[in-house]
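Read through the structure below, which is laid out as structure tokens, and then see the notes.
Nothing in this text is a laboratory measurement; each read-out follows from the coordinates by a stated rule. Just so it is clear, the model here is predicted, and its values are computed rather than measured. With ideal geometry, Cβ positions are generated from the backbone for all residues, glycine too; neighbour counts draw on all protein chains shown.
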Amino acid sequence: MTQNESYVVTIDGPGGSGKGSLALRLARHLGFHLLDSGAIYRLAALKALREDADLNDEKSVVDSLSDFNIRFEEGDELSIPYLDDEDVSSQIRLESTADAASVIAVYPGVRLRLLDRQRQCFQSPGLVADGRDMGTVVFPKARIKFFLYASPEVRAQRRHKQLISMGISVNIAQLESEISERDQRDRDRSESPLVPSSDALVVDSSLLDLDQVTELMISHIEEVIQ
Ligand code: C5P
């Protein structure tokens, strides 16, 4: 299918800014498909770990992805990620996987390897894509772009709540420092750093709840589409 980026909505921002929940809500509202690009980076990290790749060596990581067999199945709430036909929903949500993902995400060879896989997620009638470089690199011509921000404290609290609801217990102070470390790595990398696209609407969600941000985003989409 030819990709028509007019029907792509991108949501970029740091971890815990609410991207995932908002992308799901917008996709449902618009009747669009969903791309959680972070899940693809996490799956790549899991694959590299399983292949015993040296995470400090770009070539070793890229080589470990030569046979990268992933798929997503629509579940009741979220889609279920499969790596080599195994449901890895819980493994990819571990903080250790997120850390490994942020380490391998700095490598240009890894980003290039995952680029087409992300673009292939475009399907009619449209796509809501969330990540770090959706509006800047993966779908630069998308008609509607958001960049979500929230303070590191608020993001750590949100992530903590999310992990607890999944039965994963973590220390909040440690979580905050891990989040800050990953943010810095995402912002400082030379390839596709975490920056707002110049044509994105930047939203600070620190003091807003999910319903308020959803409302704000939907009214922006309606304004652009009219
Ligand atoms: O969004 P999530 O926390 O699942 O992403 C995990 C890691 O994958 C991020 O910390 C980031 O380093 C990387 N990532 C990326 N580009 C994306 C999505 C995720 O570099 N589009």
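Annotations for the structure displayed:
- Taking Asp87, Asp209 and counting other C-beta atoms within 10 Å, the order from fewest to most: Asp209, Asp87
- A Cβ-based charge dipole, computed about the Cα centre of the stretch 5-213 with Lys and Arg at +1 and Asp and Glu at -1, lands at about 600 debye.
- Where Rh is the Kirkwood radius over Cα pairs, Rg/Rh for the stretch 1-63: 1.11
- Unit Cα scatterers, Debye sum, the stretch 91-154: log10 I(q)/I(0) for q = 0.18, 0.27, 0.29 Å⁻¹: -0.87, -1.24, -1.26
- Cα-based reach from Lys145 at 24 Å (exclusive), listing lysines while leaving out same-chain residues under 8 positions away: Lys19
- When the stretch 70-164 is described by a simple charge dipole with +1 on each Lys and Arg Cβ and -1 on each Asp and Glu Cβ, the residue from Val138, Val103, Leu127 located farthest towards its positive end is Val138.
- Positive end of the dipole of the chain (Cβ unit charges, origin at the Cα centre): among Val203, Leu43, Met166, the Cα lying farthest that way belongs to Val203.
- Bins of 5 Å from zero: percent of alpha-carbon pairs in the chain: 1, 7, 15, 19, 21, 19, 12, 5, 1, 0, 0
- Normalised by the number of residues in the chain, the average gap of Cα pairs under 8 Å and 6 or more apart makes the relative contact order 33 percent.
- Distant-in-sequence amide H partners of Val202 (H built 1.01 Å from N, under 5 Å): Phe147
- Helices in the chain, meaning DSSP H runs of at least 4 residues, each add -39500 (n - 2.57). Divided by all residues, the mean residue ellipticity at 222 nm is -14500 deg cm²/dmol.
- Under the span-like rule (Cα at least 18 Å along the axis, Kyte-Doolittle mean at least 0.0), DSSP H helices of the chain: 37-50, 210-225
- In this Cβ point-charge picture (+1 for Lys and Arg, -1 for Asp and Glu), the stretch 1-119 has a dipole of about 520 debye about its Cα centre.
- Above 14 Å, the calculated P(r) of the stretch 134-214 contains 70 percent of its Cα-Cα pairs.
- Contact order relative to length of the stretch 9-92, as percent, for alpha carbon pairs under 8 angstrom and 6 or more apart: 18
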